[in-house]
């Protein structure tokens with residue numbers, strides 16, 4: 001009798017978790033996937049779902065357009081490149097920051113972690129507006145260049161401005177997992193390697209880096225996945241002609257109101273992001 005109640009409680013908690021996932025994850029994904037086989041039409045909502053024999057006619061038009069139109073392929077490739085560079089920059093900067101914080105005395109680490117999270121105390125759009133004011137032609141960066149006798153630069157609405165905004169927004173997501181792993185590392189291994197004559201770089205390459213490799217992969221994915229579908233930052237800082245996948249999905253939903261095509265793009269993005277997650281899961285199981 002005593003062991004039956006904890007088992008029943010575990011089953012109840014597990015059932016609630018599955019219900020939560022079904023209602024808030026599986027069901028919305030099923031709706032979006034089904035919408036991708038629909039047909040665009042005027043009205044509210046502007047889509048005819050593929051119910052019945054008549055509804056399935058032409059249900060693959062949006063999928064065919066996705067495969068045939070280079071516009072969406074180009075948007076996907078640009079999103080992959082931007083998300084990869086952003087995740088790599090955040091990983092390098094985040095590793096340096098996390099390692100520096102982890103090597104501090106324990107009483108000082110919460111303060112520096114709070115500084116890493118301080119940007120979240122300000123609204124996301126307000127932070128991006130600050131970058132717009134900083135990088136615009138009459139911003140303080142170009143004013144400082146003018147005081148130094150240099151020609152002003154075109155900073156806003158460029159790939160560089162977009163990358164700066166992306167790294168600034170997603171850097172904390174890379175720092176926290178790395179700090180959690182580096183703070184728990186066994187420093188005796190590093191000390192032993194140093195006592196045996198290893199240089200600081202060799203200690204880092206052969207001891208510290210392998211210990212933090214799983215956290216580094218998690219940090220990369222934590223930045224890469226949301227960066228692939230980013231909409232607001234490219235809209236505020238990026239070049240108008242640099243269409244990314246997130247902006248393409250937003251435009252199909254709210255401008256052209258082609259919901260089936262937007263659903264197809266969203267489904268393709270989800271399938272694309274499932275690949276690195278599957279690789280990470282496979283590596284975790286092996287490890």
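Numbers at a glance
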{"item": "Single residue of segment 161-191 satisfying the filter (at pLDDT 90 or above and over 21 Å from residue 221 (Cβ atoms)) that is surrounded by the fewest Cβ atoms within 10 Å (Cβ to Cβ)", "result": "164"}
{"item": "Identity of the residue in segment 161-194, in a loop (DSSP other than H, G, I, E, B) and free of Cβ contacts under 8 Å to residues at least 40 places away in the same chain, that ends up farthest from the chain's Cα centre (by Cα)", "result": "186"}
{"item": "Residue in segment 74-84 that is part of a helix (DSSP H, G or I), modelled with pLDDT under 95, surrounded by 15 or more Cβ atoms within 10 Å (Cβ to Cβ) and over 20 Å from the mean Cα position of the chain (by Cα) present", "result": "no"}
{"item": "Only one of 262, 251, 271 that is in contact with a helix residue (DSSP H, G or I) (Cβ under 6 Å, 6 or more places away or on another chain), assigned to a helix (DSSP H, G or I) and either at pLDDT below 90 or over 29 Å from residue 182 (Cβ atoms) (or both)", "result": "262"}
{"item": "The listed residue being without any contact (Cβ under 8 Å) to a residue 60 or more places away in the chain, closer than 25 Å to residue 176 by Cα and touching a helix residue (DSSP H, G or I) at 6+ places or on another chain (Cβ under 8 Å), out of 217, 222", "result": "222"}
{"item": "Breaking point among (1) modelled with pLDDT under 90; (2) buried (at least 16 other Cβ atoms within 10 Å of the Cβ); (3) not in a helix (DSSP H, G or I), for residue 197", "result": "(2)"}
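The values are calculated or read from the model by the stated rules, or taken from the named source; none is laboratory data. Keep in mind the model is a prediction, meaning the values are calculated, not measured. Cβ: placed from backbone, ideal geometry, glycine included. Neighbour counts: every protein chain shown.
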